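A.B. asks: Let me give you the structure first, and then I'll get to my questions.
The values are calculated or read from the model by the stated rules, or taken from the named source; none is laboratory data. Remember, predicted model here, so these are calculated numbers, not experimental data. Note: ideal-geometry Cβ built from the backbone for every residue, glycine included; neighbour counts use all protein chains shown. Just the protein is used for accessible areas: all its heavy atoms, side chains included, with ligands, DNA and RNA removed. Shrake-Rupley method; radii C 1.70, N 1.55, O 1.52, S 1.80 Å.
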Amino acid sequence: MTGRRRSPSRPTRSSLSSLSTRASGSPRPARPPRPVKAVAIASVSALATCAAVLAGCGSLPAVSGASKDPVVVMTWAPEGTKATNVPGMPAMAQAYARWINSRGGLGGRELKVLTCNERNDTVNAGRCARRAIAENVVAVVGSYSQHGRSFMSQLEASGIPYIGGYGATDEEFTSPLSYPVNGGMATLLAGNGRQLARGCDRISLVRPDTIAGDQMPSLLNAGLRAARHTPASDVRAPEDATDYTPQAESALARAGADPALLGTGTYAATAGGACVTAALGDRTDTFFDSFRRLQEEGQKVKIASVLGSVQQALVTRTGGKSSPLEGASVTGWYPAASDPRWEPMREVVNKHAFGDNRIDPADPGVQTTWIAYTVLRAAVESLGGGDVTARSVRRTLDGRIGDDGVDTGGLTPKLSWRYEDMLAVRGFPRITNAMVTYQEVRGGRLVPVGNGSVNVTKTLEDRPEEG
């Protein structure tokens, strides 16, 4: 099969004997004719062998790199739990897959999205990671989890990149296999501090009593310090409580609200400007419900939050223009949901989500998933028809698309993750996008405040050592 010429070899005793016989004139014995059936079988066998070699080895230039196996990825998020739930992220991933497959897939390959319910606990976060490994996914894309310690090390051991996580854990901003598309809670809280510093004298931060929540005060204070403001009071709260009256009372009192002004057990703001900001995920509305009952009369205390804890669906559900969130200051990662730059995503949701009410285009989790899959698409298409594996996607993100970055249609700066793109933020070395937006609830709608985005890179870089 190789076509190599057989090299000459030393004559054997049998070959010498044969030569001697021919020289003596003895007739050469006749070889019996080969049966026709044997010839046919040999021919078929040879053809089958050639076909197998061509198909299995892929050695011909015409078929090299031409594999069209599906691109398999996973998106996970918690659903149906007592704490934070983000069902719109896996739903958005599935809608994206239907849309991109209707257009020929990623670089001509079908996109196959697996989903996993992370259930907001360490055990299931680890199970989702193990399933991703077993399914041989090329990436985990556009996902949410607060349990980075449970999944990131497993992904690292298998070389699977984590693209566009929500930004809820430290590991997303420290692992070399993580490719964040936003600045996580670090940028939101630093931005929220800067936003509140302009109109508040005393501030309370209500945050979850969790490992992720433990870093929130220093990040909010970094934004306050950048504006030469005093630190906020730290109020810890259970992540899954059904009533937050004690925490609301503590936050109001520490922010300077005075119950003696009314004498009825309710609180009102002092002239100095009391402000309370809360970041409790899905339980933020429960907190503000408890908070509202303590302020039924008198001057209202200024309230604030970050997108993900407060979003348009919550404002609408709690009364729109009459919502207790009216007037709240909110910090986000991306342009306001009404911005026309979100129109391509809205069209995909309208045409390919099939009425899936889990998907809210104003949800920052849904928006993050859209941007994460935009990054995946750019990475796969940059491979130019070559093999799509976890390694090839990772190597592409590490440099091949770095010169121009990934264009997200203006929803973020162009994204790239080369060493020179990393910001010098202590504790968050993988942050490459530190832009935030300021919004406010006006007339029952979240609307942008000011012009464009605010860069909090220096605010985070100048953050002092804790403790």
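A.B. asks: Quote to one decimal, in nm, the extra length available between Glu420 and Thr230 on full extension: 0.36 nm per residue of separation minus the C-alpha distance between them. All intermediate terms of the calculation are to be shown ahead of the outcome.
C.D. replies: Numbers: separation 190, 0.36 × 190 = 68.40 nm, distance 3.39 nm.
Between Glu420 and Thr230, full extension yields 65.0 nm more.
A.B. asks: What is the distance, in nm, between label points placed 7 Å from the Cα along the Cα-to-Cβ direction at Gln154 and at Asp462?
C.D. replies: It is 4.2 nm.
A.B. asks: From the backbone phi of segment 305-322, what are the Karplus-calculated ³J(HN,Hα) couplings (6.51 cos²θ - 1.76 cosθ + 1.60, θ = phi - 60°) in whole Hz, Gly and Pro given as x?
C.D. replies: My calculation for segment 305-322 gives 6, 10, 4, x, 8, 10, 8, 4, 4, 5, 4, 5, 5, 9, x, x, 4, 8 Hz in order.
A.B. asks: Another question about this same structure. Express in nm, to one decimal, how much length is gained between Glu110 and Phe354 on full extension, taking 0.36 nm for each residue of separation and deducting their alpha carbon distance.
C.D. replies: Details: separation 244, 0.36 × 244 = 87.84 nm, distance 1.97 nm.
Result for the pair: 85.9 nm of gain on full extension.
A.B. asks: How would segment 357-467 be classified by its alpha-carbon gyration tensor: rounded, prolate or oblate, with rounded meaning a/c under 1.5 and the a/b versus b/c comparison settling the rest? Mind dumping the intermediate values first?
C.D. replies: Details: a/c = 2.32, a/b = 1.28, b/c = 1.81.
Verdict is oblate for segment 357-467.
A.B. asks: Another question about this same structure. Could you tell me the distance between the Cα centroids of segment 364-386 and segment 290-336, to the nearest Å?
C.D. replies: Taking the Cα centre of each part, segment 364-386 and segment 290-336 sit 33 Å apart.
A.B. asks: Could you please report the charge total around Glu110, scoring K, R as +1 and D, E as -1 over all other residues with beta-carbon less than 10 angstrom from its beta-carbon? Kindly include the intermediate steps, with their values, before the conclusion.
C.D. replies: Details: positive: Lys68, Arg109, Lys112; negative: Asp69.
Residues close to Glu110 contribute a combined charge of +2.
A.B. asks: Which of the peptides 303-312, 212-221 is most tightly packed, and how do the rest follow, judged by the mean count of other Cβ atoms within 10 Å per residue?
C.D. replies: Numbers: 303-312: 25.9, 212-221: 21.3.
Highest to lowest by the protection proxy: 303-312, 212-221.
A.B. asks: Follow-up question, since we're still on this one. Over segment 66-128, what percent of the accessible surface lies on carbon and sulfur atoms, probe 1.4 Å?
C.D. replies: Working: 1070 of 2360 Å².
Carbon-and-sulfur percentage of accessible area, whole number: 45.
A.B. asks: May I pose another question? Taking Lys302 as the anchor, which lysines have their alpha carbon closer than 29 Å to its alpha carbon, excluding any fewer than eight residues away along the same chain?
C.D. replies: Correct list for Lys302: Lys82, Lys321, Lys458.
A.B. asks: Using only the Cα atoms of segment 123-251, what are the Rg and Dmax in Å?
C.D. replies: Just the Cα atoms of segment 123-251 yield Rg and Dmax of 17.4, 53 Å.
A.B. asks: Compute the Rg/Rh shape ratio of segment 122-187: radius of gyration over Kirkwood radius, all on alpha-carbon atoms. The partial results should precede the final answer.
C.D. replies: On the way: Rg = 10.7 Å, Rh = 11.5 Å.
Rg/Rh for segment 122-187 comes to 0.93.
A.B. asks: Let's see if you can work this out: charge +1 on each Lys and Arg Cβ, -1 on each Asp and Glu Cβ, no other charges. What is the dipole magnitude of segment 343-467 about its Cα centre, in debye to the nearest 20? Before the final figure, lay out each step's value.
C.D. replies: Details: 16 positive and 18 negative charges, 34 e Å.
It comes to approximately 160 debye.
A.B. asks: Give the Debye-formula value of log10 I(q)/I(0) at each listed q (0.12, 0.15, 0.18 Å⁻¹), with one equal scatterer per alpha carbon of segment 286-340, two decimals each.
C.D. replies: Relative scattering, expressed as log10 I(q)/I(0), comes to -0.29, -0.45, -0.63.
A.B. asks: A further question on this structure: How long are the semi-axes of the ellipsoid equivalent to segment 155-195, from square roots of 5 times the Cα gyration tensor eigenvalues, in whole Å, largest first?
C.D. replies: On the way: eigenvalues 121, 13, 7 Å².
Semi-axis lengths for segment 155-195 are 25, 8, 6 Å.
A.B. asks: If contacts are Cα pairs under 8 angstrom and at least 6 residues apart, what is the relative contact order of segment 353-423 in percent?
C.D. replies: Working: 48 pairs, mean separation 15.5, N = 71.
Averaging sequence separation for qualifying contacts and normalising by length gives 22 percent for segment 353-423.
A.B. asks: Work out how much length Asp289 to Thr242 would gain on full extension: take 0.36 nm times their residue separation and subtract the Cα-Cα distance, in nm to one decimal. Show your work: numbers first, answer last.
C.D. replies: On the way: separation 47, 0.36 × 47 = 16.92 nm, distance 1.02 nm.
So the chain would gain 15.9 nm between Asp289 and Thr242.
A.B. asks: While we're looking at this one, here's another question. Testing the spin-label approximation: label points 7 Å from Cα along Cα→Cβ at Asp214 and Arg442. State their distance in nm.
C.D. replies: The answer from the label model is 4.1 nm.
A.B. asks: Considering only the other residues whose Cβ falls under 13 Å of the Cβ of Met74, what net charge follows from Lys and Arg at +1 and Asp and Glu at -1?
C.D. replies: Values: positive: Lys112, Arg127, Arg130, Arg131; negative: Glu118, Glu135.
Cβ neighbours under 13 Å give a net charge of +2.
A.B. asks: What does the charge count around Ala313 come to, taking other residues whose C-beta lies under 14 Å from its C-beta (Lys +1, Arg +1, Asp -1, Glu -1)?
C.D. replies: Working: positive: Arg317, Arg358, Arg445; negative: Asp282, Asp285, Asp360, Asp363.
The answer is -1.
A.B. asks: Next question, about the same structure. Short version: ³J(HN,Hα) in whole Hz for each residue of segment 275-288, in order, from phi by Karplus 6.51 cos²θ - 1.76 cosθ + 1.60 (θ = phi - 60°), x for Gly and Pro, what are they?
C.D. replies: 9, 10, 10, 10, 9, 10, x, 5, 8, 5, 5, 5, 4, 5
A.B. asks: Viscosity 1.306 mPa s, temperature 10 °C: what is the translational diffusion coefficient of segment 272-429 from Stokes-Einstein with a Kirkwood Rh over Cα pairs, rounded to a whole number of µm²/s?
C.D. replies: Working: Rh = 18.6 Å.
Here the translational diffusion coefficient equals 85 µm²/s.
A.B. asks: Long-range amide H contacts for Val71: which residues qualify at under 5 Å (H placed 1.01 Å from N, peptide plane, sequence gap of 5 or more or a different chain)?
C.D. replies: When sequence neighbours closer than 5 places are left aside, the close amide H contacts are Glu110, Leu111, Lys112.
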